[in-house]
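The values are calculated or read from the model by the stated rules, or taken from the named source; none is laboratory data. Just so it is clear, the model here is predicted, and its values are computed rather than measured. Every residue, glycine as well, gets a Cβ built from its backbone with ideal geometry; the counts of neighbours run over all protein chains shown.
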2 protein chains.
Amino acid sequence: MLGNSKKKKPNLRDVARTAEVSVATVSRVLNSPDVVNKATRDRVEGVIAQLGFVRSAAARAINSGRTRLLGALIPTLDSDIFSLTVNSIEQTLVEHGLSLIVATTDDDPEKEARKAQELLDVGVEGIFVTGVDHSDALYEILQRSRVPTVAISFYDAGYHLPTVGYDNRVAAEMACAHLMELGHARVAVVHGPLSGNDRTQARIDGTRAALAGKSCRLYETDLRVEGGVKAVQQIMQDTPRCDAIFCLSDVMAFGVLNELLRMGVDVPRDLSVISIHDLPASEYTFPPLTTVHLPARQMGRKAAESLAAWVEHDVRPDPVHLASRLVVRGSTRQRS
Amino acid sequence: MLGNSKKKKPNLRDVARTAEVSVATVSRVLNSPDVVNKATRDRVEGVIAQLGFVRSAAARAINSGRTRLLGALIPTLDSDIFSLTVNSIEQTLVEHGLSLIVATTDDDPEKEARKAQELLDVGVEGIFVTGVDHSDALYEILQRSRVPTVAISFYDAGYHLPTVGYDNRVAAEMACAHLMELGHARVAVVHGPLSGNDRTQARIDGTRAALAGKSCRLYETDLRVEGGVKAVQQIMQDTPRCDAIFCLSDVMAFGVLNELLRMGVDVPRDLSVISIHDLPASEYTFPPLTTVHLPARQMGRKAAESLAAWVEHDVRPDPVHLASRLVVRGSTRQRS
DNA sequence: TCTGGCTATGTAACTAGTTTCATGCGTCTC
DNA sequence: GAGACGCATGAAACTAGTTACATAGCCAGA
């Protein structure tokens, strides 16, 4: 039944012929019905319904020069880290009559460039990229196509593309400052893969600067809950006397918290745990997670508005800085 | 710099004129370079690079009759529930040279129908819908446009669209059977909103059938971690003597587990907790969550392959049933 | 009655590519 | 030396819409 008819789709000329009007009149019925005589309009609409005519998006696009499509190059949707932002981008774009194509890159610069080209091939009018560290191939593709592009998840006013995001370095510094206030001196830092991830790198830089002089050891793991679990196992083996674990993303902190619980380590009595992101679930961990809030949803909205304005009105947006803030909950405590 | 040039984009005719060849030759350079004389080809490619020519996706689409776009109508990307599947759909579609437009519906049938129309307006060749319960408006739009559509997250061989998913009812029954084996008799069932959510309804039906005769009380809450927290508070007030909590989705189970921990209720000694979904994090909760595994990633892959085949080769796919299976971990225990 | 203006509609050009068919020209074969 | 073939290329038709411009018909006002 559905979608199985063999004969080819009717076009606007077929409708015109059947309704015994010109193609212009059919087009008018579709686009400005009020200028068409009621009787004619009704007849044309009848034929449209009868033939099951659907106008070709491509043909409309070729005339308007608009596809109303934007593309997003996102590392992955496999965790809440980006899906919240994508969700918010999509919801905002709808308000502007724009649609969103998602393309995942797995933080692989080559894959990213390839997907960027694919996005352009299907005709996107604008692109969101994640972060500010990309392959030359990507920059070249963007340059050549002249497609409006904004970079998200990273604020850098000096970047050659408009950025909409937070200062990842400052976020890390805020977390570290909190740990130092509480008297922590031996911090294990759990972070995701560095390759192709400028957000992580910026956070590590901030951590290094803020923790200068203190004992601080880095543990690279997967940017997943499981990664946090594995990191804790490693930490307890290497640095049993550490007094705080700083996760560069909540996702890993979830694993850290649960693994510590399993091991019988009391958080925050024996060990403070702090993180960056503040995902919706972070308020409800045990104990509730102290973390630096990154406004992911708001970022999605702002980024979508910026790119929509650029695409629609040809105004290159200014970079947008979204403030992060420390949210103190139950997973950190004064060192005794 | 990027994306700011005022003068209009060069088209294929501009390239032809500058390179002193016909439009046909330029088109050949683009599509079948091997039939063009090397010298001519080089010259044309030089002009293309020099003018920064990018071919119009719309114009190509109008000729090929293909947009290579698919659309997905998804309740939300705000949690891992659907983002894993979407991620997997996108990754699979790339292998077929197709791109994915995401459209979120918030489980609102009207919004869903509206977004479906928008997807068709931008020219998608196929659509994924979530579940099998939709508005008449949606069915009418799909019928009229004759666009291939598959329904995911729900297996129903008798549905008028091909479904790719699991049997939600059976999944609930499996969880309940496990609880009964363990000797549980007073079960609190925590579920998300019913309106517009056939997956939840099917799970409740399965639960009712499997738990017939036992004491079983339903708690409707938000389909989020926070929802689980609130549900526990309600349960402890209403039914302090219940011996098991069955969450119809892991997301709520995360909140349930943490809130019980906070209250000092020992899981699984005092209370068993079981759920449905088996998200990546479920293996690492405290205690590890016993849950019915739903193969979300595999579903994404299968669904993408089915729809890709339909769109590319005009073969209507058969429904695909993905088996769910109980994964017993630490959150359930024999009633003593 | 003539002119002006309005409404409704049609003709044809236009968007930016792809593709079919035709042709010019050089080379190979008999 | 003539027909055959193949390569490289061009002219023009074609995809499916939108839209500028033209015009026919009608009514009102001078």
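Key figures for this structure:
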| quantity | calculated |
| --- | --- |
| Lone qualifier among A:Thr200, A:Thr207 - being under 26 Å from A:Glu110 (Cα atoms) and in contact with a strand residue (DSSP E or B) (Cβ under 7 Å, 6 or more places away or on another chain) | A:Thr200 |
| Considering residues of the range B:202-220 that are outside any loop (DSSP other than H, G, I, E, B) and in contact with a His (Cβ under 9 Å, 6 or more places away or on another chain) only, the residue farthest from B:Leu182 (Cα to Cα) | B:Glu220 |
| Test: residue in the range A:10-31 that is at the interface with chain B (Cβ under 9 Å from one of its Cβ atoms), farther than 30 Å from B:Leu84 by Cβ and more than 33 Å from the chain's Cα centre (by Cα) | no |
| Residue check for B:Leu77: away from DNA strand D (no atom under 12 Å from the Cβ) and out of contact with any Asp or Glu (no Cβ under 7 Å at 6 or more places or on another chain) | yes |
| Enumeration of residues in the range B:191-238 that are within 14 Å of chain A (Cβ to nearest Cβ) and either more than 28 Å from B:Arg262 (Cα to Cα) or among the hydrophobic types (A, V, I, L, M, F, W, C) (or both) | B:Leu223, B:Val225, B:Val229, B:Ala231, B:Val232 |
| Members of the range A:132-161 found to be over 23 Å from A:Ser83 (Cα atoms), free of Cβ contacts under 8 Å to residues at least 40 places away in the same chain, of a type in the set (Gly, Ala, Ser) and more than 7 Å from chain B (Cβ to nearest Cβ), listed by number | A:Ser135, A:Ala137, A:Gly158 |
| Residue ID - nearest to A:Gly264 (Cα to Cα), chosen from residues in the range B:285-297 that are buried (at least 24 other Cβ atoms within 10 Å of the Cβ) and more than 16 Å from the chain's Cα centre (by Cα) | B:Thr285 |
| Listing of helices (runs of 4 or more DSSP H) fully contained in the range B:1-85 that carry 1 or more residues being modelled with pLDDT under 95, away from DNA strand C (no atom under 12 Å from the Cβ) and under 25 Å from A:Tyr139 (Cβ atoms) | B:38-51 |
| Matching residues in the range A:45-75 - criterion: being of a type in the set (S, T, N, Q) and either touching a residue at least 40 places away in the same chain (Cβ under 8 Å) or buried (at least 19 other Cβ atoms within 10 Å of the Cβ) (or both) | A:Ser56, A:Thr67 |
| Scope the range B:239-290; condition in a loop (DSSP other than H, G, I, E, B), β-branched (Val, Ile, Thr) and more than 9 Å from chain A (Cβ to nearest Cβ); matching residues | B:Thr239, B:Val265, B:Val267 |
| Candidate set: the range B:12-32, residues that are of a type in the set (Ser, Thr, Tyr) and within 7 Å of DNA strand D (Cβ to nearest atom); chosen: the one surrounded by the most Cβ atoms within 10 Å (Cβ to Cβ) | B:Thr25 |
| Residue within the range B:93-101 that is free of Cβ contacts under 8 Å to residues at least 24 places away in the same chain, touching a helix residue (DSSP H, G or I) at 6+ places or on another chain (Cβ under 9 Å) and among the hydrophobic types (A, V, I, L, M, F, W, C) present | yes |
| Qualifying strands (runs of 3 or more DSSP E) (wholly inside the range A:88-194; at least 2 residues being surrounded by 22 or more Cβ atoms within 10 Å (Cβ to Cβ) and under 19 Å from the mean Cα position of the chain (by Cα)) | A:99-104, A:126-130, A:149-152, A:163-165 |
| Qualifying residue in the range B:223-231 (condition: closer than 30 Å to B:Leu70 by Cβ and in contact (Cβ under 8 Å) with a residue 12 or more places away in the chain) | yes |
| Residue pairs meeting the criteria (Cβ under 9 Å; at least 6 apart or on separate chains; first free of Cβ contacts under 8 Å to residues at least 40 places away in the same chain, in the range B:291-311; second part of a helix (DSSP H, G or I)) | B:His293/B:Ala171; B:His293/B:Ser282 |
| Checklist (1) out of contact with any helix residue (DSSP H, G or I) (no Cβ under 6 Å at 6 or more places or on another chain); (2) within 16 Å of DNA strand D (Cβ to nearest atom) applied to B:Glu90, failing item | (2) |
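Results for (1) in contact with a Phe, Trp or Tyr (Cβ under 6 Å, 6 or more places away or on another chain); (2) within 19 Å of B:Pro319 (Cβ to Cβ), shown as yes or no for each residue.
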position	(1), (2)
B:Val132	yes, yes
B:Asp136	no, no
B:Val170	no, yes
B:Val187	yes, no
B:His191	no, no
B:Asn197	no, no
